[in-house]
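Visitor: To start, I am sharing the structure in question, which I have written as structure tokens.
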Amino acid sequence: RRSGQYTMNHDHSKKTPDGASFDCSGSQDSLDELSMDDYWKEIENIHETRGNNHEERVALVVKEPDEGELEEEWLKEAGLSNLFDESSDDSLDSVVFLSTLTRTQKAAVEKRVETVTQTMRKRNKQHQIPDVRDIFRLQNDSKGKVCDGSEPSTVRTSENKNETQDGTKGPMFSLGMDEQKSPLEDVPFSDNDINLKISFAEQAANFKDSSVGKMWKGGGRDTLLPNFRLPKDKTGTTKIGDLAPQDMKKVYSLALIELTALYDVLGTEFKQQKAVKIKTKDSGLFGVPLSVLLEQDQKRVPGTKIPLIFQKLIAQIEEATLETEGLLRIPGVATRIKSLCQELEAKFYEGTFNWENVKQHDAASLLKLFIRELPQPLLTVEYLKAFQDVQNLPMEEHRVQALNLLVLLLPEANRDTLKVLLEFLQRVIDHQDKNKMTLKNVAMVMAPNLFTFHGFGPKTIEQSEFAMAAGTANVMRFMIQYQKLLWTIPKFIVNQVRKQNTESQKKEKKDKAVKKLLKKMAYDREKHEKQEKTPNDADVPQGVIRVQAPHLSKVSMAIQLTEELKAADVVARFLSQK
């Protein structure tokens, strides 16, 4: 290592992608040089393991989306594909769903719909594209469920009967929930409390408009992280796993819209990546998709949510002691790791693998290898870049909020595995007095394993190594430090889900009542017709017909047929009776 520069044994890592020498001082952020050294050392270990371990894997191709395709995919993910595709079988009731959105969430949806609309016009698609202004147009009902699309005010559902929509200025934003009674600045929270009652994007918009936000010019990345905590709430907090699967689908849609709105407000681009499917292993331990691993593990241990090999490797590390100096930082011997890896593949499920041969540093290296070898990153192809971009958000609070929403967007298997990993890393840090592995050290060692994903190919790896080294390590720090907050479902999202359920139930009840009424009307009509026909027809003697003339008489008339009878005679009888 030279002053201000790092030299590694790999030619490709001596220079940045553009060929310039890498100056660590410009990217080390708030993390000290020793910690950055840990990062580069870990990168070096990864390259060494890769060189000696498995055969080259096929890089995961990330498809570059066409114009408007990204926004179409976003609307589908948010459950709003029927806004541009009438044939969509989206089960989400868009009217109810849209009525619960905040101002910034609404703006995020409008922006994507506008892009899709313009793209479809360019393609000359023969679809009736809704005007973006029509989607959120004011519903002229007594409840005032949606604000006028022309106003920059937020979507409100007025449950207060005294509230009017005659232009009187109301709260800056409101979800129509009981606890939502005042603007952001009136809510009593301490400096380190994370406000879960109000939309994160709304808070960010308010922050930007405030004098503090206007004075902010960057920075805010202190070495010591703030002690963020959940505020005390009389109604309690909702954790992932507390809600039913159908409600979690709604949480996913809202979290995606909220995260996009937050990134929009803070001026950070939010783009979901899309991976082209590649052939992956359908059995084994390393390089196997999480879903496949869990499927084969659940046959052995029903109900398990974490891959058995992952659980066993963590248990093996902890079985010795977490006080071992350099734990996670000191690697196992590369050739030995390769041998253990092959042996595990052959003997793990048979139960014949001898764990006594696995040293603690070997187990740690195997654990990191497992994470790196996943066919798709633990943080998923779709959201890996969004996780990386958390570092670009202005304040620590914004980063915690973004990570909270990103965790909600992860598939269940990825989320559960990440949770177990972060909890284990925290236990390692708890022994830092002995093992010398502080939060920064652990973050530096683990960041390359989660963020330098082999599947994207060398270009992305280089970019991660240089341009994003300190940034991804900082994101890793945040994930470990604030993990208890990240598995909480924000109150404002829970309230939006509750409101959707209430409105859907009302609509369902109304639809049910209408169906019941229509059914009763049809039954009564049929019964009445039967009563009119059946008894009277039985009384009619032979040679007699029964004539009905509703415009002349309410009752029918029995007419004796004769050779001389004319239609005029029948009409005359009705008229004389009238």
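The values are calculated or read from the model by the stated rules, or taken from the named source; none is laboratory data. Since the structure is predicted, the reported quantities are computational estimates derived from the model, not experimental observations. Every residue, glycine as well, gets a Cβ built from its backbone with ideal geometry; the counts of neighbours run over all protein chains shown. These area figures cover heavy atoms from the full protein model, side chains too; ligands, DNA and RNA do not enter into them. Shrake-Rupley method; radii C 1.70, N 1.55, O 1.52, S 1.80 Å.
Visitor: Using packing as a proxy for protection, rank 302-308, 348-354 so that the peptide with the highest average count of other Cβ atoms within 10 Å comes first.
Guide: Ranked by mean Cβ neighbours within 10 Å, highest first: 302-308, 348-354.
Visitor: Quick query: amide H of residue 489 versus all other amide H atoms, modeled in the peptide plane; which residues come in under 5 Å with a sequence gap of 5 or more or a different chain?
Guide: 238, 239, 240
Visitor: What does the accessible area per residue of segment 318-427 come to in Å², with a 1.4 Å probe and no ligands, DNA or RNA counted?
Guide: For segment 318-427, the solvent-accessible area averages 35 Å² per residue.
Visitor: On full extension of the chain, what length is gained from residue 304 through residue 118, given 0.36 nm per residue of separation minus the C-alpha to C-alpha distance?
Guide: Extra length available between residue 304 and residue 118 comes to 62.3 nm.
Visitor: I want to check the label-to-label distance for residue 412 and residue 521. Put each point 7 Å from Cα in the C-beta direction and report it in nm to one decimal.
Guide: Taking the simple label geometry, residue 412 and residue 521 are separated by 4.4 nm.
Visitor: Provide the gained length on full extension for the span residue 566 to residue 505, in nm with one decimal, where the gain is 0.36 nm per separating residue minus the Cα-Cα distance.
Guide: Answer, rounded to one decimal: 15.8 nm.
Visitor: Another question, then. Highest first, please rank the peptides 498-511, 393-406 by the mean number of other Cβ atoms sitting within 10 Å of their residues.
Guide: For the peptides 498-511, 393-406, the packing ranking is 393-406, 498-511.
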